[in-house]
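What follows is a short report on a single structure.
Bear in mind these aren't lab numbers, they're just calculated from the coordinates by the rules spelled out. Nothing here was measured: the structure is a model prediction, and the numbers come from that model. Every residue, glycine among them, receives a Cβ derived from its backbone with ideal geometry; neighbour counts consider all protein chains shown.
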Amino acid sequence: MSSSTEVAAMLGQVGFVSLAPATLDKLQEGRALAPEEQQALERVPALAEQLIAGIPRLDAVRAALAHQAAPFDGAGAPAKAPCGKDIPLGARILAIVSDFDRLDTGGLSPELALAAMRGRLGRYDAELLELFASTLDSDGRGVEVAEIPIRLVRVGMTFVEDVRTPTGLLLVARGHEATRSLVERFRNLASGSVREPVRVLLRRSRTACERSHAGQRPVAPARILVVDDGPA
């Protein structure tokens, strides 16, 4: 990691001075944030960039802070915003490290945090994400985590985070598997009743080679589960 990226990672924390003490406590303890607290958290990088704007010779640091939220594939970004390799390297690194830290602080294991990030197609520089994963004890390849609207939850999916209302009321605890009755209840919820997206676990099926090594007979390929917006 370059010195400017390291400085950006350190100075990026100054934006947290804008957060209320109660919000900081929730972040430290991994508790869910209220919608307005989440919005304040998302403004932290921009505020940090503004706070150091008057310090000379920190152009690379400011660029890293200013563009760390830029999606790698440019989807949804302003017309003149950088994308792909045009995004400063420091910003691409910060995007991965900051998001991983946020997921980890929120209670996800490193394995599930990496799986959730891999599911955000186009958000990160894939090469850097895999390089980051290689530095961890678990690379998250044994699982797949999907971030989806509550209406797309299907029977058998396992929640990797608590499902809560916008006010913080617990609806479903992490680790609970979606049942048919639970899915029906979700379909009847009014719009805006649940914090979205929700994160669910989809375990990767073992390959024929892996099953063979485990002493199991290979089985016919299973159908791929496709989650869409259409009626079940």
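Sorting the segments 96-107, 79-90 by their residues' average number of neighbouring beta-carbon atoms within 10 angstrom, most packed first, yields 96-107, 79-90. Multiplying the residue separation of A126 and T165 by 0.36 nm and subtracting their alpha-carbon distance yields 10.8 nm. Sorted on the mean count of surrounding Cβ atoms within 10 Å across their residues, most packed first, peptides 164-172, 111-119, 66-74, 149-157 read 111-119, 66-74, 149-157, 164-172. Across the alpha-carbon set of the range 1-111, the Rg to Rh ratio works out to 0.97, Rh being the Kirkwood radius. Fewest neighbouring Cβ atoms within 10 Å first, the residues V61, V183 line up as V183, V61. Our coupling estimate for the range 161-174, obtained by passing each phi through the Karplus curve with A = 6.51, B = -1.76, C = 1.60 and θ = phi - 60°, is 9, 4, 9, 10, 6, x, 8, x, 5, 6, 9, 9, 7, 4 Hz, Gly and Pro reported as x.
Treat every Asp and Glu Cβ in the range 109-170 as -1 and every Lys and Arg Cβ as +1, leave all other atoms uncharged, and give the resulting dipole magnitude about the Cα centre to the nearest 20 debye. Provide the component values of the computation, followed by the final result.
On the way: 7 positive and 10 negative charges, 83 e Å.
Here the range 109-170 has a charge dipole of around 400 debye.
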